[in-house]
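I have placed the structure first, in the form of structure tokens, so that the comments after it can refer back to it.
The values are calculated or read from the model by the stated rules, or taken from the named source; none is laboratory data. Just so you know, these numbers come straight off a predicted model, no measurement behind them. Here the Cβ positions follow ideal geometry from the backbone for every residue, glycine too, while neighbour counts run over all protein chains shown. Remember, those area values only see protein heavy atoms, side chains included, never the ligands or the DNA or RNA. Shrake-Rupley method; radii C 1.70, N 1.55, O 1.52, S 1.80 Å.
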Amino acid sequence: MSRSPALAALVLLSVGAATASPQTGNARTDRPRLALALSGGGARGIAHIGALRALEEAEIPVDAIAANSMGAVVGGIYATGKTTAELDQIVRSVGWDSLFSGRPDRRNLPVARRQDRFRTFAGADFSWSELRLGAGLLAEHRINRYLIEQLAPAGYAAGNDFDRLPIRFRCVATDLDDGERVILDRGDLPLAVRASMSIPVAFPPVEWEGHRLVDGLVVDNLPVDVARAFEADVLVAVDVGSPPLEPDDYRTALGVAEQVSNLLMVRRYEDYAADADVLVKPDLGRHLSTRYSDFETLIEAGYEAMKAAIPEIREKLVAAGHGGDLPRRTRFGPERVLEGATIAEVGVRGNDRLGERVLRRIFNIPVGPGFDLEKGLRALDKIEATGLLEHAWMEFEPVPEGLRITLVVREAPANRADVGAAFTEWEKARGVLRLRNRNTFGSGEETSLLLVASEANLGGALGLRGEMPFFHHVAYRADAYIFSDKPRFFDEEGDKVNRAQFDRRGVTLALQAPLERWGLLEAGLRLGSVSTGWKPGLALTEGTDDVRTFLAGIVYDDLDRFLWPESGRRLAVYGWWSTDGLGATHPFWRVEGEGRLAQRMGQRMVLQLDASAGLSGDDLPIYDWFRVGGPYLIPGYHHEELKGPQALAGAVSVRYRVVDNLDAVARVGSGNVYASRSDITLDDLRWGVGAGLVYHSRVGPLALELGWQDQGASLLSVSLGWN
């Protein structure tokens with residue numbers, strides 16, 4: 001039987017099971033009046049918020065919840081005591097597409113490790129003896145972080161007993177070892193919810209008491225019988241599962257596999273089938289479980305469906321002896337409080353090749369102070385950003401002296417290969433291969449080999465990055481590179497003349513001072529050469545120049561995305577000083593600054609400002625001239641069409657979310673290049689306007705922009721990928 005397609009894997013997981021015996025917690029003595037069973041359904045599960053809101057407005061409190069997958073996420077957060085207004089705000093504050101994208105949050109990566117220029121989109125880990133695919137197609141850090149943030153304080157306060165939460169709670173998962181259903185009623189609350197929503201193939205399974213758990217969808221998507229075990233007077237089930245496939249949906253091989261999977265899972269559901277007192281099925285149409293948008297419609301559908309069921313629910317509550325208003329149950333007082341608890345111990349579990357000292361240094365949570373959850377999450381971000389681990393989790397446990405924090409890890413294989421591809425109007429197709437060796441010398445270093453091929457760039461770089469021994473706040477990088485840089489040159493009318501060829505080779509050695517996650521100070525030395533080749537139509541002098549350059553720079557960057565950001569700022573200033581005292585062919589100085597600001601304007605609009613400036617002195621060679629143009633800075637001009645020793649450019653753009661991942665963009669920009677600093681004036685700026693569409697795909701943004709320049713010409717720019 002094939003294990004390759006994700007849906008075929010679900011078929012395998014859906015065969016044969018029996019119910020695992022639930023663990024017994026410290027049960028409450030008060031009998032629940034109303035219990036809910038909430039189904040999974042991916043993005044469709046957002047409708048549960050509307051259903052809960054309708055119950056709140058009717059002043060019908062929920063005493064117990066049993067849930068699966070996205071129902072467990074929404075129900076678990078609600079069970080911690082949040083109101084639906086708070087729950088709604090929490091859900092809307094999250095970029096769900098990013099949460100399930102598998103891509104790390106750019107802002108969590110140190111500036112020195114961000115790969116903005118030659119970004120990759122797929123890869124695999126390997127050792128020297130075998131290729132190793134991950135246990136899931138998507139990275140799990142973002143969803144892990146989210147669940148810890150939302151659920152860990154309440155789980156810790158309840159003593160890891162889900163009966164002692166403000167609302168009693170259960171979630172279900174599937175044991176991957178034998179296909180049994182597992183009912184989770186105590187333990188690490190965020191980890192339990194993470195197990196319940198661990199979609200097979202998409203996310204890695206969750207290790208739980210010696211078992212590997214995945215989404216309860218495989219055996220029981222709507223756990224009515226689990227909710228029935230609360231012995232509530234009235235049980236309401238909310239089903240937001242996807243509708244059955246239409247015949248046209250399973251005409252392909254993949255569609256057939258999905259339909260077979262659905263049929264087998266429906267058969268498995270019969271093993272745990274139970275009738276609810278009231279069944280609520282919001283009309284969500286054919287809204288895809290992977291479409292995390294149009295939340296208003298989903299929430300409203302859940303609200304209307306539950307509101308319509310309120311009379312029947314009241315009738316059954318009255319029949320059970322609950323007339324009039326139903327006050328909320330008295331909540332248990334917390335056994336302990338996570339925020340501010342004295343940190344007594346910090347430990348690491350699961351590491352092998354990585355020493356605990358290295359991980360503790362990166363994790364950097366000190367013993368003694370009171371615990372701050374936000375700082376703890378940032379420490380977890382630092383661990384994830386190293387790329388040294390496949391999995392990182394925080395466990396919290398009380399000890400007599402206060403709080404014990406355990407960093408639970410699973411190391412990534414030593415090696416990784418990543419590939420990328422892109423297309424732009426200025427370099428045509430581009431391919432990227434990046435090979436990395438993690439923890440090269442045992443202290444968290446990374447060795448990398450980058451290979452790039454396009455019409456504009458051809459070559460590679462071998463690099464080593466790490467922290468200085470005994471100086472943990474100082475990092476270093478050493479790069480050996482050989483690149484053929486082939487920029488286009490244009491005549492005064494904007495017609496292409498030819499591509500130049502500057503063959504660059506050498507080494508760069510630099511020391512770095514990271515400024516938290518958002519900044520970087522860097523200083524170093526570049527030694528090498530640049531060879532200029534003869535090209536027809538270009539007045540370039542052939543020859544080879546020796547490069548001996550000091551460099552220094554400072555970067556501030558908290559953009560959520562480098563290209564097409566939605567929030568954040570970036571400011572980078574770098575300077576180069578070439579001196580003949582070290583043997584440089586051309587003595588010169590060169591300073592370049594660039595800035596980008598993105599600001600949300602409501603739910604659908606983003607305002608973006610871009611700026612670039614360059615100054616130089618002495619004998620700046622042509623291969624180091626500043627290059628400006630379109631489509632981002634001066635629409636209507638070719639990319640890097642304008643070249644000179646001095647430069648000034650800026651642009652303002654507005655993007656509007658039309659639907660889902662499709663944006664409309666409008667832009668105006670201006671700039672120019674100058675022969676000397678005394679020539680710089682705003683009187684002769686060139687300018688352009690542009691408009692287009694951007695679709696944010698899984699392999700990168702697909703952008704189509706039409707620009708008009710002040711000289712009357714127009715230019716259509718097309719790009720795909722992170723460029």
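Inclusion of ALA341 among residues that are touching a strand residue (DSSP E or B) at 6+ places or on another chain (Cβ under 8 Å) and either of a type in the set (A, V, I, L, M) or open to solvent by 40 Å² or more (accessible area, probe 1.4 Å) (or both) is warranted. Restricting region 176-206 to residues that are in a loop (DSSP other than H, G, I, E, B) and among the aliphatic types (A, V, I, L, M), the residue that is surrounded by the most Cβ atoms within 10 Å (Cβ to Cβ) is MET197.
Among the residues making up region 397-445, those that are under 24 Å from GLY355 (Cα atoms), of a type in the set (Asp, Glu) and either in a loop (DSSP other than H, G, I, E, B) or out of contact with any Asp or Glu (no Cβ under 6 Å at 6 or more places or on another chain) (or both) are GLU397, GLU445. Of all the residues in region 361-377, those that are part of a helix (DSSP H, G or I) and either in contact (Cβ under 8 Å) with a residue 40 or more places away in the chain or open to solvent by less than 70 Å² (accessible area, probe 1.4 Å) (or both) number 6.
Here's the yes/no breakdown for (1) over 30 Å from THR585 (Cα atoms); (2) of a type in the set (Asp, Glu); (3) open to solvent by 40 Å² or more (accessible area, probe 1.4 Å):
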| position | (1), (2), (3) |
| --- | --- |
| GLY629 | no, no, no |
| LYS643 | no, no, no |
| TYR656 | yes, no, yes |
| VAL659 | yes, no, yes |
| VAL665 | yes, no, no |
| LEU685 | yes, no, yes |
| ALA691 | yes, no, yes |
| VAL694 | yes, no, no |
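Could you check THR440 against (1) modelled with pLDDT of 90 or more; (2) more than 30 Å from LEU538 (Cβ to Cβ); (3) among the polar types (S, T, N, Q) and say which number it fails? It fails just one condition, (1). The single residue among GLU445, GLU492, GLU427, GLU455 that is open to solvent by less than 40 Å² (accessible area, probe 1.4 Å) and more than 26 Å from the chain's Cα centre (by Cα) turns out to be GLU427.
As a summary of the residue check, GLY42 satisfies the conditions (1) farther than 25 Å from ARG328 by Cβ; (2) at pLDDT below 50; (3) of a type in the set (Gly, Ala, Ser) except for the one numbered (2). For the criterion of being within 20 Å of GLY583 (Cβ to Cβ) and in contact with a Gly (Cβ under 8 Å, 6 or more places away or on another chain), VAL547 passes.
Can we say ASP624 is in contact with a Pro (Cβ under 8 Å, 6 or more places away or on another chain), open to solvent by 30 Å² or more (accessible area, probe 1.4 Å) and touching a residue at least 24 places away in the same chain (Cβ under 8 Å)? Answer is no for this residue.
Do we find a residue being charged (D, E, K, R), outside any helix (DSSP H, G or I), in contact (Cβ under 8 Å) with a residue 40 or more places away in the chain and surrounded by fewer than 18 Cβ atoms within 10 Å (Cβ to Cβ) anywhere in region 597-615?
The answer is yes, given that some residue of region 597-615 is charged (D, E, K, R), outside any helix (DSSP H, G or I), in contact (Cβ under 8 Å) with a residue 40 or more places away in the chain and surrounded by fewer than 18 Cβ atoms within 10 Å (Cβ to Cβ).
On the stretch given as region 654-687, residues that are out of contact with any Leu (no Cβ under 8 Å at 6 or more places or on another chain) and of a type in the set (Ser, Thr, Tyr) total 4.
Evaluated against (1) at pLDDT 70 or above; (2) in a helix (DSSP H, G or I), ALA37 falls short on exactly one condition, (2).
Taking LEU462 as the residue in question, decide whether it is under 31 Å from the mean Cα position of the chain (by Cα), of a type outside the set (Val, Ile, Thr), closer than 24 Å to GLY583 by Cβ and open to solvent by 30 Å² or more (accessible area, probe 1.4 Å). So LEU462 fits the description; yes. A search for C-beta distances below 9 Å between a residue of region 158-175 that is more than 16 Å from ARG212 (Cβ to Cβ) and open to solvent by 10 Å² or more (accessible area, probe 1.4 Å) and any residue that is of a type in the set (Val, Ile, Thr) and assigned to a strand (DSSP E or B), counting only pairs 6+ apart in sequence or on different chains, returns ARG168/ILE65; ARG170/ILE65; ARG170/ILE183.
Results for (1) at pLDDT below 90; (2) of a type in the set (A, V, I, L, M, F, W, C), shown as yes or no for each residue.
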residue: LEU380; (1), (2): no, yes
residue: HIS391; (1), (2): yes, no
residue: MET394; (1), (2): no, yes
residue: ALA417; (1), (2): no, yes
residue: GLY420; (1), (2): no, no
residue: THR424; (1), (2): no, no
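Taking into account only those residues within region 517-558 that are among the acidic types (Asp, Glu) and more than 30 Å from LEU597 (Cα to Cα), which is surrounded by the fewest Cβ atoms within 10 Å (Cβ to Cβ)? It comes out as GLU542. Take LEU633 and tell me if it is part of a loop (DSSP other than H, G, I, E, B), free of Cβ contacts under 8 Å to residues at least 40 places away in the same chain and crowded, with 22+ Cβ neighbours inside 10 Å. Taking the combined requirement at face value, the residue satisfies it. The sole residue among VAL266, VAL238, VAL256 that is modelled with pLDDT under 65 and touching a helix residue (DSSP H, G or I) at 6+ places or on another chain (Cβ under 9 Å) is VAL256.
Can you tell me which residue among TYR623, TYR656 is at pLDDT 95 or above and under 24 Å from ALA539 (Cβ atoms)? Going through TYR623, TYR656 in turn, the sole match is TYR623. Against the conditions (1) open to solvent by less than 20 Å² (accessible area, probe 1.4 Å); (2) in contact with a strand residue (DSSP E or B) (Cβ under 6 Å, 6 or more places away or on another chain); (3) in a helix (DSSP H, G or I); (4) touching a residue at least 40 places away in the same chain (Cβ under 8 Å), GLU384 satisfies every one except (1).
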